[in-house]
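Peer 1: Structure provided below as C-alpha cells; questions to follow.
Every number here is computed from the coordinates shown, using simple stated rules; none is lab data. Worth saying up front: this structure is predicted, and the values here are computed from it rather than measured. Cβ placement follows ideal geometry from the backbone for every residue including glycine, while neighbour counts extend to all protein chains displayed.
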Amino acid sequence: MAETVIERLNNVWARTDRIFDLLVPEGYLAQPIALRHPFIFYVGHLPAFAWNHVGAGVLGQPSFNAAFDELFSRGIDPDVDDPTHCHAHPDVPDTWPALADVLAYRDRVRAALRESVEAVSARAGDELMARDGRVFTMIIEHELMHQETLLYMMQRLDFDLKVRPAWLPPVPSGPGRRPAVVHVPAGLATLGAGLAELGFGWDNESPSRQVSVPGFRVDETPVTNGQFLAFVEDRGYERRELWTGDDWSWARDERLVSPAAWTEQRGRRFHRGLFELVPFERTADWPVYVSLAEARAYARWRGGRILTEPEFHRAAFGDPSGAERPYPWGAAAPADRHGNFDLRCWSPAPVGSSPEGASAWGVHDLVGNGWEWTDTPFAGFPGFEAWIPGYAGYSADFFDGKHFVLKGASWATAAELVRRSFRNWYQAHYPYVFAKFRCVRPE
Ligand SMILES: [Fe+2]
C-alpha cells in the first residue's frame, strides 16, 4: 500500500532529525561554509518553508510566529563572484534565536502540517498545489534536498563539533572498476518531463523536449582521486593553458592546489570523510569531488571535455533499440543495488561498485556516487514557466549563465529525488558539492 502523506512527512522529518543529531550543541551556530548560514538557520528554515507553502499558502491560515516565518523563509545562494550581491533573502540577524525556541517552532509547524492533510485535499478542485498532494511532495523534496546541503556543510565542519554515530558503517574501500572507454552512438534524448507525467516536478523539469545528440566516446567510470592526483602532480593547478579565463582567476584567487576534500598532515595526504581523515590510498578509487572549473581543467589535460546535459541523458537513459529508459538500469524503482545514493553508505564508494546500475551502454555510476557535472549552463527548457505559487525564483533566479546543470545523485541524495528529469545546479566555482565528472571525446 502506498505511504500516506503523514507517513511520508514523518519519514522525512525523522531523516532530518537524524542528520541534525550528528551535531554537538555548540555546532548549531557554526558556519563551516562562509557562503551558507549557520546550521541553526536550517532548523528553522525547513518548517518555515513548509508553513509558508501549506499553512499560509494553500490554506491561507493565520501565522502563529510571523517573525520566524519571515526570518527563516529563504536561504542564501550568494553570487560567489560578488559576495555583496545576494538573491532576495531576509537580513541575517545579529544573534540567532535560542535553539529551544526554534525547535518549539518546528514542532508546532509539524503538528499543524499533520492536521492539514484533509483540508489540503479538500482544496484539490480549485488549487493546483493541493491536487495530488503536490504541495506536500514539494515540501518533502525541499527538505530532502536540504538534508544533502546540510551533509556537505557538515563535511567541512570541525570534527569536534559533530559525533560519529554508532550505527554508521565504516567507509567503503577496495579496488574500483578498471578505467575503460565506451562509444555512445548518435541518437535522440528526451530532457525534462510533462508535469502531468510527474505528479510533482520542479518548474525547471518541464516542459519536456527531444534533442538530437551526436555520437561520442565516454569514460565508463568517473575520474577517481587517484587519477586526479596525477593531474595535481603534473602541476595541473599551475598551468594557465588548462583553465578557462574565469576559472583560472578564481583558482588563483582561492589559491587552489588540490580538491577541497583533500588535506595534508605531517607530509601525508588524507581525504576528509564526514567523521575522520581517511588515508588517501584508501580513497584512491573513489570518484574525486571537485568544482566544475577543476573538472574542466582536468578534462583538458586529458585531451577531452566533460559531458553536456543531453550527452548525460544519452549515456544514462538511451538504449541500442532507440528507446529510452526511466533509469540507467531500466524501469525498476531505485534501490540500494542500483547505486550509491539514499545514504546507503554515507560516503563515496570505489567507482563501478554498483554494476547492476550501469546503463545500456555499460556506463557506470551515472546515478549515484556523486552528482555528475555537466558543462551545460542551467536554463529553462523552451516554454519554461515559473509556475510554482510563491516560489517564482526557485529556478529562474539562477538562469544567469554562471550556474551549471548536474545530473544523477550523490551518496547523500534521497531515492525520492532519483528521476530522469531531475536537475540540480551549482556555480562553476563552488567546490563543496558531492560532485564528480568523467571525460568525453568526439567519436
Ligand atoms: Fe530552502
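Peer 1: Once amide H atoms are built 1.01 Å from N in the peptide plane, which residues 5 or more positions from Arg305, or in another chain, come under 5 Å H to H?
Peer 2: Val440
Peer 1: How much FRET efficiency would the formula 1/(1 + (r/R0)^6) give for Ala66 and Glu118, where r is the Cβ-Cβ distance and R0 is 25 Å, rounded to 0.05?
Peer 2: FRET efficiency, Ala66 to Glu118: 0.50.
Peer 1: Now for a separate question. Sticking with the crude label model, points 7 Å out along Cα→Cβ, report the distance from Asp94 to Thr263 in nm, one decimal please.
Peer 2: Label-label distance for Asp94 and Thr263, simple model: 3.4 nm.
Peer 1: Mind giving me the nanometre distance, one decimal, between the label points for Thr244 and Asp158, set 7 Å out from Cα along Cα→Cβ?
Peer 2: According to this spin-label approximation, the distance is 3.8 nm.
Peer 1: Amide H to amide H, which residues 5 or more places from Trp425 or on other chains are under 5 Å from it, using H placed in the peptide plane?
Peer 2: Hits under the 5 Å cutoff: Leu406.
Peer 1: Then there's this: What FRET efficiency do you get for Leu128 and His183 if R0 is 51 Å and r is their Cβ-Cβ distance, rounded to the nearest 0.05?
Peer 2: With R0 = 51 Å, the Cβ-Cβ based efficiency is 0.70.
Peer 1: Below 8 Å, C-alpha to C-alpha, sequence gap of six or more: please give me the relative contact order for the stretch 1-74 in percent.
Peer 2: Over the stretch 1-74, the number comes to 22 percent.
Peer 1: Between the helical axis of 134-156 and the dominant principal axis of the chain, each derived from Cα atoms, what acute angle in degrees is found, rounded to the nearest 10?
Peer 2: Helix 134-156 and the main axis of the chain meet at about 50 degrees.
Peer 1: Compute the acute angle (0 to 90°) between the alpha-carbon long axis of helix 292-301 and the principal axis of greatest extent of the alpha-carbon atoms of the chain; round to the nearest 10°.
Peer 2: Roughly 10 degrees, rounded to the nearest 10.
Peer 1: For the stretch 329-443, what are the per-bin percents of Cα-Cα distances with bins 5 Å wide, up to the bin holding the maximum?
Peer 2: Whole-percent P(r) values from 0 Å outward: 2, 11, 19, 21, 19, 14, 10, 4, 0, 0.
Peer 1: I would also like to ask the following. Pull up the DSSP beta bridges for the chain and report the antiparallel fraction as a percent, rounded to 5.
Peer 2: Numbers: 34 of 36 bridges.
Around 95 percent antiparallel, to the nearest 5.
Peer 1: Additional query: Please report, in whole Å³, the volume per residue of the convex hull around the C-alpha atoms of the stretch 276-404.
Peer 2: 176
Peer 1: Still on this structure, please answer the following. Which value in Å is the Kirkwood Rh of the chain over different Cα pairs?
Peer 2: On the way: mean 1/r = 0.0441 Å⁻¹.
One decimal place: 22.7 Å for the Kirkwood radius.
Peer 1: For Val24 and Thr190, calculate 0.36 nm times their separation in residues minus their Cα-Cα distance, and state this gained length in nm to one decimal.
Peer 2: Contour length minus Cα-Cα distance gives 55.2 nm.
Peer 1: Same structure again: For the stretch 147-227, state the semi-axes of the equivalent ellipsoid (square roots of 5 times the eigenvalues of the alpha-carbon gyration tensor), sorted largest first and rounded to whole angstrom.
Peer 2: So the three semi-axes of the stretch 147-227 are 35, 26, 11 Å.
Peer 1: What FRET efficiency do you get for Arg235 and Ser212 if R0 is 45 Å and r is their Cβ-Cβ distance, rounded to the nearest 0.05?
Peer 2: Efficiency for this residue pair is about 0.70.
Peer 1: Ok, one more. Quick one: pull the percentage of alpha-carbon pairs in the stretch 187-264 with a separation above 20 Å.
Peer 2: Every Cα pair in the stretch 187-264 considered, those over 20 Å come to 61 percent.
Peer 1: Right, another one. Taking 0.36 nm per intervening residue step and subtracting the Cα-Cα distance, what contour gain separates Leu168 from Arg15 on full extension?
Peer 2: My answer for the length gained is 53.7 nm.
Peer 1: Tally Lys/Arg at +1 and Asp/Glu at -1 over every other residue whose Cβ is under 12 Å from the Cβ of His53; what's the total?
Peer 2: -3
Peer 1: Further question: Extension gain Ala335-Ala56, at 0.36 nm per residue separation less the Cα-Cα distance, in nm?
Peer 2: Full-extension gain reported as 96.9 nm.
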